[in-house]
Amino acid sequence: MFKIGDKVSHPAFGVGNVKNIEEKKVLGKKEKYYILKLMVNEMTLMVPVNKAEEIGLRYIIDPKTVPEVLNVLSGKMDDEMDGNYKQRIKSQTEMVDSGDILKVAQVVKNYIHRDSREKLSSTEKGLYERANKILEGEISVVCNIEKNKAKYLINEAVCKKNIKAERKIHHIK
């Protein structure tokens, strides 16, 4: 599926490069693994080739998808964010774990809006930070910009300045 040099996104760790594909013996069983060099802390991660799709490993988004991501960020908070704490955590975690960048953007937006109304719990804050890192990392790689600029675009979009953020993306390219 992936080849050496491909930029991919892992649902839990964000963007990385496929540095190698190796056969390794783990727990007495030989398997092929993607060796990923992740942007976060320059960690190395091994993903079994035969589990990559199940895990949610995917190619990074196309630059044409970035305006769609910014549109998600400029929308309103999900109604369920006012509901039961346990259900809220469960649904937001599932959205981040899906690996779908639009769902990750929705989680970022949800928690930014929620935090403006009431303080986030430590669990919610951790989930927000994880989603935000994934989003910032992917936008910065896709648009070939520094993470600070990606963070700025995200904040602009969340603050309902989506048109301005889209214009900046077109200037950057």
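Enter the Cα centre distance for the pair the range 133-147 and the range 6-71, rounded to the nearest angstrom.
16
Tally the DSSP beta bridges in the chain and give the antiparallel ones as a percent, rounded to 5.
Numbers: 21 of 21 bridges.
Around 100 percent antiparallel, to the nearest 5.
Among 158, 26, 47, determine the one that fluctuates most according to a GNM of the chain built with springs between C-alpha atoms less than 10 Å apart.
26
For the range 1-89, run through the trypsin sites (Lys or Arg not before Pro) and keep only the ones in DSSP coil with at most 13 other Cβ atoms within 10 Å of their Cβ. All intermediate terms of the calculation are to be shown ahead of the outcome.
Working: sites: 3, 7, 19, 24, 25, 29, 30, 32, 37, 51, 58, 64, 76, 86, 88; in loops: 3, 76.
Sites meeting the loop and neighbour criteria: 3, 76.
Can you give the direction-averaged projected area of the convex hull of the alpha-carbon atoms in the chain, in nm²?
Details: hull surface 43.1 nm².
Over every viewing direction, the Cα hull of the chain projects on average to 10.8 nm².
If the cut-off is a Cα-Cα distance under 18 Å, which aspartates and glutamates reach residue 125, setting aside same-chain residues fewer than 8 apart in sequence?
Straight-distance partners of residue 125: 78, 80, 82, 94, 97, 115, 136.
Past the 29 Å Cα-Cα mark, which pairs from 109/149; 25/151; 3/76; 7/29; 64/119? Intermediate values should be presented prior to the final figure.
On the way: 109/149 17 Å; 25/151 40 Å; 3/76 38 Å; 7/29 27 Å; 64/119 35 Å.
Flagged as over cut-off: 25/151; 3/76; 64/119.
How much length is gained if the chain between residue 32 and residue 3 is pulled fully straight, taking 0.36 nm per residue apart and subtracting their Cα-Cα distance, in nm to one decimal? Provide the component values of the computation, followed by the final result.
Numbers: separation 29, 0.36 × 29 = 10.44 nm, distance 1.24 nm.
Full extension of this stretch gives 9.2 nm more.
A short reminder: the numbers here are calculations on the coordinates, not readings from a lab. If you're wondering where the values come from, they're calculated on a predicted model, not measured in any experiment. Reconstructed Cβ throughout: ideal geometry from the backbone, glycine too, with neighbour counts over all protein chains shown.
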